[in-house]
Every structure is written in structure tokens, then in C-alpha cells.
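Below: one structure, written as C-alpha cells.
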Amino acid sequence: MIKISNLHASINGKEILKGLNLEVKAGEIHAIMGPNGAGKSTLASVLAGREEYEITEGSVDFDGQDLLELSTEDRAREGLFLAFQYPIEIPGVSNINFLRTSLNEIRDYKGEEQISAKDFLAKVKEKSALVELDSKLASRSVNEGFSGGEKKRNEIFQMAMLEPKLAILDETDSGLDIDALRIVANGVNKLKSDKNATIVITHYQRLLDYIIPDFVHVLYDGRIVKSGTKELALELEEKGYDWIKAEVEAH
Amino acid sequence: MNDTIQVNKLNAFIDQLTKTDLPFSKDIIAISDATIASNDFPTTRTEAWKYTRVGKISSIHGNDSELIIDKISDSHIIDANALTFVFENGELIQQFSNKEIPKGLDIKSISQASETELALIGKNVKLEKEVFNSLNTSYATDGIFVKIDDKIQLEQTIQIIHIVTGENTISNMRNLIQIGRFSEAKIIFGYFSSEATSSFTNVVTEIFVSENAKLTADKIQYESAGNFHVSTEQVAQEKNSNFSINTITLNGTLVRNNLNIEIDGSNCETHLNGVYLLKENQHVDNHTIVDHKAPHCESHELYKGVIDDKATAVFNGKVFVRKDSQKINAFQSNANVLLSDDASVNSKPELEIYADDVKCSHGSTTGQLNEEAVFYLRARGISKKSARHLMVSAFIEDVISKIKNEEVTNFTHSIIKEQFGWEF
């Protein structure tokens, strides 16, 4: 699905990613954990195509395509989805109008027909139920006046609507109470198939009780320094990140 | 050398014009003539014209253009169901104008009105030092006369269309609108051009809204690039009246709107909404004055602009609250989005309050599109261009949604799509 090789990225001349390697296959869920400032959100931003970051070295292969050559919108159209850590409020642009535009531009890119109004509404109904999002929120302005939990549920709702090949959840659990966390996780689990993959970026192990990862990676100082299974997350939860730092520095 | 020779461009300008033969009061004409004789076109040293240069208007030297419109296209009709009157270069075109007039309404060209009927002409419009108002008064060709009796609920919308045609055409159109007590009406003003270049349209519309009356006006300006337009709406509201105006400016090389509203009675409601969308080298200047002369009234003003390329916009909104006008709620807001580094706007909201028990606010914002939001939309597969369109449309839709006449809304949307490619 995606193969990240020796990825180096900087912002304002400061190197954040320092040779990151990661491969995710279809059907897999990978968790990326790490202390603050390790480069977790930078990785998400670079993959989504934020232009402030400069890629100095390395490559990203996304289903046979050079991801780094694609514009942000083309990455999305090819099936990459980023659930934002801080979903932005866009006054005046209705969620519905936004999603219809989004779906249709993706369809247009693939040479498919525009979605009919009827099918679109049916899909909105089905997918908003998946994350228990009030259908009234769907017709409101994008994220405007949404609570923190509603914003995150709206991200997963969009993910459900767009059916991406690869979803990257950037700290989707931050600031969620346990009920919202369950709803979000439940949505992600229901969308899982053997054809898509998910990268869960998180600081805390808690989310991984609900979204069970196949692999857990520790990102530290711009590189993945340790990989394991879900037990690694529990170990990190128990022992913190200091032992990882010590291990890395010993090398 | 030059500073010893005073060249008065206004003198040269009026040489090509014909004095009005409309039966306006002699006093009014005399004041206008005096203003013209003792002034020149305003320069940027004149406070009210600080950011708007009218040099290109003063150098228009035209001839009497022949009227050329032989059919009226859909692109010049905003509301197909309305009671329509079409003017070309300041002259009424009978064949495109309605002949069946509903009861309780007197509507005709100003030239068909008597001196008594035109007694209100010039009553409120400032003529001293006001060159454009004076030009319009002394050289008016024609315009619309609307008088609605008391207690008339006019179902049909009145639509006044002005089309400028030809090269270097100068049109001085003068309108008088009077709404009787307890009456209600809707009026559309559409300013268009057809095969016109370097032409100048100068309109003065005097509006009187009587006690308990309600008037809604939608004004669409869509003259093609290369043409110049100055218009003044002078509005007087009596007590318990309601006046709303939506000013939508979508094209034209230079457009200046003076919207002056005097609220003379208590318990009035006033709404002023404006949208201006500019590109290339256009210049649009909206000057508004809301003068609260009586207590217990409210006024709401919302103007929004989107400025692209090298275009420039001006917003100057003044709200006066006079000494004994207590319990006034007056709100004013101007917001602008600049789409290019070369676009600019001068926005000046002003409040002058002499009463002590009022609620007033004003604000002005100018910025670029939120790039974070553009990125968010792009991350969902929406192209950069569509993302910007979605956001710009949302920004102005806030004002367009205040237009109550669906035909006007649809017309506005379709022009915006044609002119800018933005969809709603």
C-alpha cells in the first residue's frame, strides 16, 4: 500500500524527519507512537502534502505511484485520507456541499460519473449513522460550532464517505472523552477491510484498546526506532518513553 | 507654468451636454448651475473622493449616441415577471416597457410628470459642491417616476433597467420614487451596457418612504469593463417605515455608489447590504451614510467585497446618531477578501454618536482566504481552484442570502458564474 523509505523532511531549515522507514500493507493497522516533538504530526503533514515542509531525501511509494510528486488533492483522489488533529472551521461552506464537491471531484479524477442527489443523500445518512453524527451537523458549516468530539467524528464521517485506501488518523483520540473515543474507534473498525489500511498516530495507548493495531512503531527524533506488536504499546504506556530514549542514545 | 493656468475640465465637459427640459424647480436648477459654474470635478484632495479618481470621466467627450437597442435580451432582464421599464442612455424605451399599470400605482417617465408631481425633486439631494448630483440635475435626460398611493400592497415587483450603449455616451438619469403611507413595494434597478465603451452613467434616485410603508430595493450593476458609473440614492424614511437595499456590483471600470439614508421618524428599520466583486483594473467605491435623526430605530449594514488582480475597492460607511435619537441600534460591518497581492481596499467605517442611550457597533476586516481551510478542502480531493471558489462563494453568500427576491438571487448567481466561474 505505502512504502516510506529514508524520508527526510525539514521545516524552516530545521530537520524533523531524519530517515524514516515504514511499510504498510493492505488490510493492516499500524500505530505510530512517540513522545512530543518526535515528528508524528510532521509525518502526517508530509504525507498529506503540506507545502511548508521540504523533502530533502527519500521516497514514498503509494500503490505504485510516487506520492511526493502528487498535489495534495491528487493524493486524496488516489485514496489517501488524513484525519486532522485540529479540524478547521470553515464558516459558510456547508458540510454537505463540501462533501458533494469532494466526492464528485474524486469521481471526476477517476473518470467516473457524478453521484446522484439521491445516492448522495442515502450515503450521507448511512455514513453519519456509523459515527452517530446528528444529520443536522451534516448540513451545518464545516466544523463551525462543533464540539471537539463532533469535529473528530466529522473527520471519521468524511473518511466513511470518501472510502480511502489509506487513512492516517493524526491524534484523533486527543481530547476525546471515553464515549466519543468508542464511537470514533467503532467507526474506524467498521470501515476496515482487507483492501484498505490505517495508520493511527497517537501519544497514548488508550485508543489502541479500541483500534487493535497489527504493528506498533515508536517514532523518536525523526526515525522509527522500534517496532513491535500491540504489546509494545502497553509497555510504552507502563514505562513511558525514557527507556526508548536511553536505548537510542546507547547505540 | 501650469499652475498659473487653471483649466476647468467641468466647463469643457458640460459644453457637450444639453440642459434639461424636465420641469424641475427653478431654484434647484439655479443651485446646480451655480455648483457647476464654481467647481471642477473632484480630485483625490477632496475627502469624499480621496481614493477614487474621476479623471477618465472628465475627459469623456462624446456626441449624442443614437439609440441602437432593437430587442431586449434575457441577460438584461433580472425578473421576467416584474413590471418592467427599460431605459437606454437615459431615455425611456417605450416598446420594452410595460403599459398596463396596476391600480394605485402611477409609474411613467419623469418627462411625462408635471412640475407639481416633481416638487420633491432635489428636496433632499445635496447639490452644493456636489458636482455629480448637480450635473444630473441640470442635465437630466429622463428617468422613472414612481408614485404608490396609500395602503397599496404591490404584488408585482417594479423593475427599472438602464442600458448604456455606444461610445463616449453620457447618461444623466433622474428617478423619483414615492411610497405612500401603509404601502409596500419591491423595486429592482439593473444597470447594464451593450456595445458600450468609455461611457458614463450618472444616476440620481430620490426615494421617499412614507409613514408605515415598506420598500425593498435590489440594485444590480453589471456594466461591462470600460464604462463608468456614478450613482446616488437619496432616501428619506418617515416614522414606522422599513427600507432595505441590496447593492450588488459585478462589473464596470469605475463604479461609485453614494447611498444616503435619512431616517426622519421614529421606529424605523433600515437594511443596507452590499456585495462587490472586482477583478482586473476595476475600481468600486461604496459611500454610505445612515443618518438617525429620530429615536427608537434600527439600522443594519453589511458590505462584503472580493477583490482580485489589480482591482481596488473603497468602503466608507458613516452612521450618525443625532443628539435626541435615543434607543438606536445601529450595526455596520464591512469585510473584504483580497485574492491577489496587487488587490487593495480602503475601508473606513465611521460612527458619530451624539445621543447617550444607543447600541452601535462597527467593524471592518480585510484579509486573504484562510489557506489552512484551503488545505483542508484540498486534502479531501477538492482542487485548489474549487476550494477557493467554495470559500469565496460562502463568504459572499452571507450577503446574497439577504436578497428576498429569488429571481434576483438566481440572476446574481448566474452572473457571478459567468463573470468569475464561482458556483453556488
### Query
Where does each of B:61, A:217, B:300 land when they are ordered by accessible area, with a 1.4 Å probe and the largest first?
B:61, B:300, A:217
### Accessible area of the stretch B:178-268 divided out per residue, in Å², using a probe of 1.4 angstrom
21
### Query
Toward the positive end of the charge dipole of the stretch A:52-120, about the Cα centre and with charges on Cβ (Lys, Arg +1; Asp, Glu -1), which of A:70, A:84, A:95 goes farthest?
A:95
### Query
If you put +1 on each Lys and Arg Cβ and -1 on each Asp and Glu Cβ, how big is the dipole of the stretch A:2-250 around its Cα centre, in Debye rounded to 20?
620
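Ignoring ligands, DNA and RNA, how do B:342, B:291 rank by accessible area with a 1.4 Å probe, largest first? Don't skip to the end; give the middle numbers.
Values: B:342 100, B:291 15 Å².
The most accessible residue leads, giving B:342, B:291.
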### Message
Among B:305, B:55, B:90, which one shows the highest mean-square fluctuation when chain B is modelled as a Gaussian network with alpha-carbon springs under 10 Å?
### Response
B:55
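Relative contact order, percent, of chain B when contacts are C-alpha pairs under 8 Å separated by at least 6 residues?
On the way: 1091 pairs, mean separation 41.8, N = 424.
The normalised contact order for chain B reaches 10 percent.
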### Task
Can you send over the solvent-accessible area of residue B:127, 1.4 Å probe, protein chains only, in Å² to the nearest 10?
10
### Query
So for the protein assembly as shown, taking the charge dipole from beta-carbon charges (+1 Lys/Arg, -1 Asp/Glu), which of B:39, A:124, B:13 sits furthest toward the positive end?
A:124
### Query
Using a Gaussian network for chain A with springs between C-alpha atoms less than 10 Å apart, which of these wobbles most: A:240, A:13, A:49?
A:13
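Mind checking the mean number of beta-carbon atoms from other chains within 10 Å of the Cβ atoms in B:124-130? Before the final figure, lay out each step's value.
Values: counts 0, 0, 0, 0, 0, 0, 0.
Shielding by partners across B:124-130 averages 0.
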### Task
With +1 on each Lys and Arg Cβ and -1 on each Asp and Glu Cβ, and nothing else charged, work out how big the dipole of the stretch A:67-157 is about its Cα centre, in Debye to the nearest 20.
340
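What does the C-alpha gyration tensor say about the overall shape of the protein assembly as shown? Classify as rounded when a/c is under 1.5, otherwise prolate if a/b is larger than b/c, or oblate.
prolate
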### Message
Using a 7 Å offset from the Cα along the Cα-to-Cβ direction at both residue B:340 and residue B:413, what is the distance between the two label points in nm, to one decimal?
### Response
2.8
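Near residue A:215, within a Cβ-to-Cβ distance under 13 Å, what is the net charge of the other residues, with Lys and Arg +1 and Asp and Glu -1?
Values: positive: A:25, A:226, A:230; negative: A:23, A:28, A:214, A:231.
Value of the local net charge: -1.
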### Task
Pull up all non-local amide H partners of residue A:223: gap of 5 or more, or a different chain, and H-to-H distance under 5 Å with H placed in the peptide plane.
A:18
### Crossing angle, helix A:117-130 versus chain A [Cα axis fit, 0-90 degrees, rounded to tens]
50
### Message
Longer than 26 Å from Cα to Cα, which of B:219/B:323; A:14/A:110; A:125/B:304; A:25/A:226; A:151/A:190 are they? Say none if no pair is.
### Response
B:219/B:323; A:14/A:110; A:125/B:304
### Task
Could you work out the mean count of beta carbons from other protein chains within 10 Å of each residue's beta carbon in B:381-394?
6
### Query
Around residue B:35, with a cut-off of 9 angstrom between Cβ atoms, what is the net charge of the other residues, counting Lys and Arg +1 and Asp and Glu -1?
-2
### Task
Report the paramagnetic label zone for residue B:331: residues of the stretch B:294-316 whose backbone N is under 16 Å from a point 7 Å from Cα along the Cα-to-Cβ axis.
B:297-304
#### Entry: Positive-end extreme of charge dipole, chain A - chosen from A:188, A:202, A:236 (charges on Cβ)
A:188
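To the nearest whole number, what is the average tally of beta carbon atoms from other chains within 10 Å of the beta carbons of peptide B:397-405? Write down the numbers at each step before the final one.
Numbers: counts 3, 2, 0, 0, 1, 0, 0, 0, 0.
Average per residue, whole number: 1.
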### Task
Quick one: go through the stretch B:379-397 and flag any residue whose amide nitrogen is under 19 Å from the point 7 Å out along the Cα-to-Cβ line of residue A:109.
B:379-391
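Ignoring everything except DSSP H segments at least 4 long, calculate the 222 nm mean residue ellipticity for chain B; use -39,500 (n - 2.57) per segment, divide by total residues, nearest 500.
Working: 7 runs with 73 residues, N = 424.
Mean residue ellipticity, 222 nm, calculated: -5000 deg cm²/dmol.
What is the magnitude of the charge dipole of the protein assembly as shown about its Cα centre, with +1 placed on the Cβ of each Lys and Arg, -1 on the Cβ of each Asp and Glu, and no other charges, expressed in debye to the nearest 20?
So the magnitude is around 620 debye.
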### Query
Which number gives the lysine pairs in the stretch B:1-108 that have C-alpha atoms under 24 Å apart and are eight or more places apart or on different chains?
9
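With a 1.4 Å probe, what is the total accessible area buried between chains A and B, in Å² rounded to the nearest 100? Mind dumping the intermediate values first?
Numbers: alone 12110 and 18410 Å², together 28530 Å².
Interface between A and B: roughly 2000 Å².
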### Label-point separation, residue B:26 to residue A:229 (7 Å along Cα→Cβ), nm
10.8
### Message
I'd like the accessible area for residue B:214, computed on protein heavy atoms only with a 1.4 Å probe and all protein chains in place. Round to 10 Å², please.
### Response
80
### Query
For the pair residue B:153 and residue A:248, how long in nm is the line joining their label points, each one 7 Å along Cα→Cβ?
7.5
### Query
For chain A, what is the calculated [θ] at 222 nm in deg cm²/dmol (nearest 500), taking -39500 (n - 2.57) for each run of four or more DSSP H residues and dividing by its residue count?
-11500 deg cm²/dmol
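The values are calculated or read from the model by the stated rules, or taken from the named source; none is laboratory data. Just so it is clear, the model here is predicted, and its values are computed rather than measured. Every residue, glycine as well, gets a Cβ built from its backbone with ideal geometry; the counts of neighbours run over all protein chains shown. When the accessible area is computed, the model is the full protein with side chains, heavy atoms only, and any ligands, DNA or RNA have been set aside. Shrake-Rupley method; radii C 1.70, N 1.55, O 1.52, S 1.80 Å.
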